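The values are calculated or read from the model by the stated rules, or taken from the named source; none is laboratory data. Because the structure is predicted, anything quoted here is derived from the model rather than measured. Note that we place each Cβ from the backbone using ideal geometry, even for glycine, and neighbour counts take in every protein chain shown.
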Amino acid sequence: MFYKRRLLLRGMLSFTTAFSALALMPGIVFAKWSKAFDADTTDDALLGMFDSKELVSSDQIKFKIPEIAENGAVVPVTVKTDLPNVSNISIFAEKNPQPLAASFTIPEGTAADVSVRIRLGETMNVTAVVKADGKLYSTQKEVKVTIGGCGG
Amino acid sequence: MKVKAKMRKDMVSVKLLAQHPMETGLRKDKETGETIPAKFIQELSCMYKEKTVFIANFGRAVSKNPYLAFSFSGGQKGDPLTLSWIDNTGETKTTEAVIK
């Protein structure tokens, strides 16, 4: 009986700690993080992150991602653009359980050029979205994945 | 976190490798069959002279030991940079690096 009570208290403590720590993220409040990153469709993730899903296709976004990813657990991505006044670069992996993989805030003075490594569960389209001058621009590439990278 | 910050023309080029398991919460322990709980960095930010020069927000699909590369202007050789991350369990880490 004491054991169960200890487990409950421990569970409550870690929940509170996690919740209060998340409230301290300077870049984004938890509620918004969840709306964007917990969304299970690209449209919902776009709405969660940008309050919009209006994307304009752009050929001014240099999107480097392998055509074939042998290891879906480590897929290198680079997104770079000459579009002016970029405030955000985000990456959406269409068929992942939660499509929004990463979102980068680009303050003034920071280059619109980021690299990261992401997990892809299977072959899918990956979309790079750039917010420039308040508008959302995008480009997409298909990545063939031989070994999925999301879990055992 | 392993951080390399170098002056490249008039930009500070930052490359980092954070040490973190980045568990998606979808993996099962092969022996017990239990799901390994999600543990992943949710936010990583870089400060230079009290200004936030970069913020990365991650979901569950960022690879283990996250690699990041970015660059910003206005930095000088010899100046310090601060990088911090916080994960979904509330764990945090802060590292300082010097611009070379």
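Among the numbered criteria (1) out of contact with any Asp or Glu (no Cβ under 6 Å at 6 or more places or on another chain); (2) surrounded by 19 or more Cβ atoms within 10 Å (Cβ to Cβ); (3) within 30 Å of B:Arg27 (Cβ to Cβ); (4) in contact (Cβ under 8 Å) with a residue 60 or more places away in the chain, which single criterion is violated by A:Val145?
Only one criterion in (1) out of contact with any Asp or Glu (no Cβ under 6 Å at 6 or more places or on another chain); (2) surrounded by 19 or more Cβ atoms within 10 Å (Cβ to Cβ); (3) within 30 Å of B:Arg27 (Cβ to Cβ); (4) in contact (Cβ under 8 Å) with a residue 60 or more places away in the chain is unmet by A:Val145, namely (1).
Within the bounds of segment A:116-127, is there any residue that is of a type in the set (Gly, Ala, Ser) and in a strand (DSSP E or B)?
No: zero hits.
Return the residues of segment A:41-69 that are touching a helix residue (DSSP H, G or I) at 6+ places or on another chain (Cβ under 7 Å) and either part of a strand (DSSP E or B) or under 16 Å from A:Ala101 (Cβ atoms) (or both); say none if nothing qualifies.
Within segment A:41-69, A:Ala45, A:Gly48, A:Met49 meet the criteria.
Results for (1) touching a strand residue (DSSP E or B) at 6+ places or on another chain (Cβ under 6 Å); (2) β-branched (Val, Ile, Thr), shown as yes or no for each residue.
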{"position": "A:Asp40", "(1), (2)": "no, no"}
{"position": "A:Ala69", "(1), (2)": "yes, no"}
{"position": "A:Ser87", "(1), (2)": "yes, no"}
{"position": "A:Lys95", "(1), (2)": "yes, no"}
{"position": "A:Pro99", "(1), (2)": "yes, no"}
{"position": "A:Thr105", "(1), (2)": "yes, yes"}
{"position": "A:Thr110", "(1), (2)": "yes, yes"}
{"position": "A:Val130", "(1), (2)": "yes, yes"}
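Tally up the residues in segment A:104-152 that are over 20 Å from B:Lys64 (Cα atoms) and not charged (D, E, K, R), please.
So the answer is 20.
Sort out which residues of segment B:23-73 are part of a loop (DSSP other than H, G, I, E, B), surrounded by fewer than 17 Cβ atoms within 10 Å (Cβ to Cβ) and touching a residue at least 40 places away in the same chain (Cβ under 8 Å), and write them in order of number.
B:Ala38, B:Asn65
Failed condition for B:Lys9, given (1) touching a Gly at 6+ places or on another chain (Cβ under 9 Å); (2) of a type in the set (Lys, Arg); (3) at pLDDT below 95, with all others met?
(1)
Can you tell me which residues in segment A:87-98 are out of contact with any Leu (no Cβ under 9 Å at 6 or more places or on another chain) and either surrounded by 24 or more Cβ atoms within 10 Å (Cβ to Cβ) or among the acidic types (Asp, Glu) (or both)?
Selection gives A:Ile89, A:Glu94.
When residues of segment A:28-47 are filtered for being crowded, with 19+ Cβ neighbours inside 10 Å and modelled with pLDDT of 95 or more, how many remain?
Residues in segment A:28-47 being crowded, with 19+ Cβ neighbours inside 10 Å and modelled with pLDDT of 95 or more: 6 in total.
Read through the list (1) out of contact with any Leu (no Cβ under 9 Å at 6 or more places or on another chain); (2) buried (at least 21 other Cβ atoms within 10 Å of the Cβ); (3) not aromatic (Phe, Trp, Tyr), then give the number of the only condition that A:Lys80 fails.
All conditions are met except number (2).
Given the conditions (1) out of contact with any Leu (no Cβ under 6 Å at 6 or more places or on another chain); (2) within 9 Å of chain A (Cβ to nearest Cβ); (3) under 22 Å from B:Asp10 (Cβ atoms); (4) surrounded by 22 or more Cβ atoms within 10 Å (Cβ to Cβ), and given that B:Leu81 satisfies all but one, which numbered condition is not satisfied?
If we test B:Leu81 against (1) out of contact with any Leu (no Cβ under 6 Å at 6 or more places or on another chain); (2) within 9 Å of chain A (Cβ to nearest Cβ); (3) under 22 Å from B:Asp10 (Cβ atoms); (4) surrounded by 22 or more Cβ atoms within 10 Å (Cβ to Cβ), just (2) comes out false.
Just one of the numbered conditions (1) in contact (Cβ under 8 Å) with a residue 24 or more places away in the chain; (2) over 30 Å from B:Asp10 (Cβ atoms); (3) more than 9 Å from every other protein chain (Cβ to nearest Cβ) is not true of A:Ile61; which one?
So the condition that A:Ile61 fails would be (2).
Give the residues of segment A:82-100 that are out of contact with any helix residue (DSSP H, G or I) (no Cβ under 9 Å at 6 or more places or on another chain), facing chain B (nearest Cβ under 10 Å) and without any contact (Cβ under 8 Å) to a residue 40 or more places away in the chain, sorted by residue number.
Passing the criteria: only A:Ile91.
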